[in-house]
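J.: Below is the structure I would like to discuss, written out as structure tokens.
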Amino acid sequence: MLHTFVALVQDKPGVLTRVASLFRRLNINIVSLTVGESERTDVSRMTIVCEAPDHAAHRIRASLYKLEITVDVDEVGRADAVIRELCLLKVAAGPSHPLGQHSRSQIFELANVFKARVVDLAPESIMLELTGSSSKIEGLIQVITESGYTILEVSRTGRMAMRRGHHTSRVMKALGTPDPTDTDHPTFPEKPDTGEVLPTEFPDID
């Protein structure tokens, strides 16, 4: 099962290594990892997608909290978040292609169907930019391949996730999310008690 975690971490050298080492010790595979600036000064936003058993989510989150460089951690589900991925795709097309100049027209049509943008046009290739879900990107790649085109390069960012917009306290309660205006229940929970014994690794995942 894939889990998506959004972690706010201190913007310091070695943070990425610390997080990657944590998942290595837990014997959990990181499917994708994106890091960038956040709305907070000196804090980076890290989106981690990993493959782990369903019951392991809580302990992964607790383990991330145990790193002193961690500010906040949130597990983002599909139902209450916007999840997107960016992909750059370079496809062979042009005069030397068996379809000739018509090969470009077909690529343009496929790009239009998937709402992809043409960002570069070279004599022998076309580069497409596509933003959307992983399944949408994989769908475009599959259609291009099955249409007889050769994909020269693929570059994908991995998932980026953000919870949906501000809600009233009633909606927040229904979602099981603390109300940010409630000082007794802050938006981001305090770090778990460090006295909890956490496993150093989970069983191998098939």
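J.: Would you be able to say whether some residue in the range 56-76 is assigned to a strand (DSSP E or B) and closer than 29 Å to residue 142 by Cβ?
T.: Of the range 56-76, the ones assigned to a strand (DSSP E or B) are 70-75.
From what is left, the residues that are closer than 29 Å to residue 142 by Cβ are none.
Within the range 56-76 (the criterion being assigned to a strand (DSSP E or B) and closer than 29 Å to residue 142 by Cβ), the answer is no, since none of the residues qualifies.
J.: Quick check, is residue 94 in a helix (DSSP H, G or I) and either within 30 Å of the chain's Cα centre (by Cα) or in contact (Cβ under 8 Å) with a residue 12 or more places away in the chain (or both)? Even if it seems obvious, please write down each step before you answer.
T.: Values: in a helix (DSSP H, G or I): no; either within 30 Å of the chain's Cα centre (by Cα) or in contact (Cβ under 8 Å) with a residue 12 or more places away in the chain (or both): yes.
No: the conditions fail for residue 94.
J.: Of the numbered conditions (1) at pLDDT 90 or above; (2) crowded, with 16+ Cβ neighbours inside 10 Å; (3) outside any helix (DSSP H, G or I), residue 167 satisfies every one except a single condition; which is it?
T.: Against the list (1) at pLDDT 90 or above; (2) crowded, with 16+ Cβ neighbours inside 10 Å; (3) outside any helix (DSSP H, G or I), residue 167 comes up short only on (1).
J.: Go through the range 30-42 and report how many residues are surrounded by 13 or more Cβ atoms within 10 Å (Cβ to Cβ) and more than 16 Å from residue 162 (Cα to Cα).
T.: Adding up the residues that qualify gives 2.
J.: Those residues that are out of contact with any helix residue (DSSP H, G or I) (no Cβ under 8 Å at 6 or more places or on another chain), open to solvent by less than 30 Å² (accessible area, probe 1.4 Å) and at pLDDT 90 or above, I need them from the range 84-110; list them, please.
T.: The initial filter retains those residues of the range 84-110 that are out of contact with any helix residue (DSSP H, G or I) (no Cβ under 8 Å at 6 or more places or on another chain), namely 84, 86, 88, 90, 92, 95-96, 98, 100-106, 108-109.
Next, from what is left, pick out any that are open to solvent by less than 30 Å² (accessible area, probe 1.4 Å): 92, 100, 103.
The one that is out of contact with any helix residue (DSSP H, G or I) (no Cβ under 8 Å at 6 or more places or on another chain), open to solvent by less than 30 Å² (accessible area, probe 1.4 Å) and at pLDDT 90 or above: 92.
J.: State all residues of the range 1-27 that are open to solvent by less than 30 Å² (accessible area, probe 1.4 Å) and either of a type in the set (Val, Ile, Thr) or in a strand (DSSP E or B) (or both); if no residue qualifies, say none.
T.: 3, 4, 5, 6, 7, 8, 9, 15, 19
Here's the yes/no breakdown for (1) open to solvent by less than 50 Å² (accessible area, probe 1.4 Å); (2) touching a residue at least 60 places away in the same chain (Cβ under 8 Å); (3) under 25 Å from residue 77 (Cα atoms):
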| residue | (1), (2), (3) |
| --- | --- |
| 120 | no, no, no |
| 127 | yes, no, no |
| 132 | yes, no, yes |
| 140 | yes, no, yes |
| 143 | yes, no, no |
| 149 | yes, no, no |
| 154 | no, yes, no |
| 158 | yes, yes, yes |
| 161 | yes, yes, yes |
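J.: Can you tell me which residues in the range 86-119 are of a type outside the set (D, E, K, R), farther than 15 Å from residue 146 by Cα and in contact with an Asp or Glu (Cβ under 7 Å, 6 or more places away or on another chain)?
T.: Hits for the range 86-119 are 88, 94, 96, 116, 119.
The values are calculated or read from the model by the stated rules, or taken from the named source; none is laboratory data. Fair warning: this is a prediction, and the values are worked out from it, not measured in the lab. Virtual Cβ from ideal backbone geometry, glycine too; neighbours counted across all protein chains shown. The area values use the complete protein model at the heavy-atom level, side chains included, leaving out ligands, DNA and RNA. Shrake-Rupley method; radii C 1.70, N 1.55, O 1.52, S 1.80 Å.
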